[in-house]
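Read through the structure below, which is laid out as structure tokens, and then see the notes.
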Amino acid sequence: MSIKLAFLAVFGLCAGGIIAAGVFAFLAIIGVFPRLIGKTGTKRHIMLYEIFIILGGIAGNGADLFDFFLPVGGRWTLAVFGTAVGIFVGCLVMSLAETLKTLPVMNRRIHLAVGLQYVILAIGLGKMVGAVLYFSAGMGM
């Protein structure tokens, strides 16, 4: 029985590593990281970016595999984490939209001459207000 469990553990770790590598490759291909580095003008900290991307992947996998208790923060920790995840997902979506060139198509279809940034801001604020209402009403707990 222990040999079977050992094989399952090895195959599970290999499959998880392949999936994680695929996700990180997808993020690199669509240009999330280079775009953030270019916008912030922090090229000289490339190694720091790489270290934090790797540590974030490891921490995310660990949080997914194991249940652990965070003794600090409570709702504030959840709010900071949610904000960070929201910023990341927003960057991912905008990078993917830019890669697929959906913004110019949307711009032509709705005949918007100026103010696309306000449309994007309105979408983001709407998502934020919806999430605040959802979690403040206790639906997410």
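The values are calculated or read from the model by the stated rules, or taken from the named source; none is laboratory data. This one's a predicted model, so the numbers in the text were calculated from it and none came from an experiment. Glycine gets a Cβ as well: all are built from the backbone with ideal geometry, and neighbour counts include every protein chain shown. Only protein heavy atoms, including side chains, enter the accessible area calculation; ligands, DNA and RNA are left aside. Shrake-Rupley method; radii C 1.70, N 1.55, O 1.52, S 1.80 Å.
Counting only lysines at least 8 places from K127 when in the same chain, those with an alpha carbon closer than 30 Å to its own are K39, K101. Residues in the chain average 81 Å² of solvent-accessible surface per residue, probe 1.4 Å, ligands and nucleic acids excluded. Placing dummy labels 7 Å off each Cα toward the beta-carbon, the span from I58 to A9 is 1.9 nm. Heavy-atom accessible area, probed at 1.4 angstrom with all protein chains present, ranks Y49, Y134 as Y134, Y49, highest first.
Every Cα-Cα pair in the stretch 21-73 was counted, and those over 17 Å apart are 50% of them. Positive end of the dipole of the chain (Cβ unit charges, origin at the Cα centre): among V80, G31, V10, the Cα lying farthest that way belongs to G31.
A 1.4 Å probe over all protein chains sorts R35, R44 by accessible area into R44, R35, starting with the largest.
Note on the chain: Kirkwood hydrodynamic radius from all Cα pairs is 18.7 Å, rounded to one decimal. Counting only whole DSSP H helices of the chain, the ones at least 15 Å long by C-alpha along their axis and with mean Kyte-Doolittle hydropathy no lower than 0.0 are 2-30, 46-65, 75-99, 116-136.
Accessible area per residue (1.4 Å probe, heavy atoms of protein chains only) ranks C14, C91 as C14, C91, with the largest value leading.
Spin-label pair I87-V23: with each label point 7 Å from Cα along the Cα-Cβ axis, the two points sit 2.0 nm from one another.
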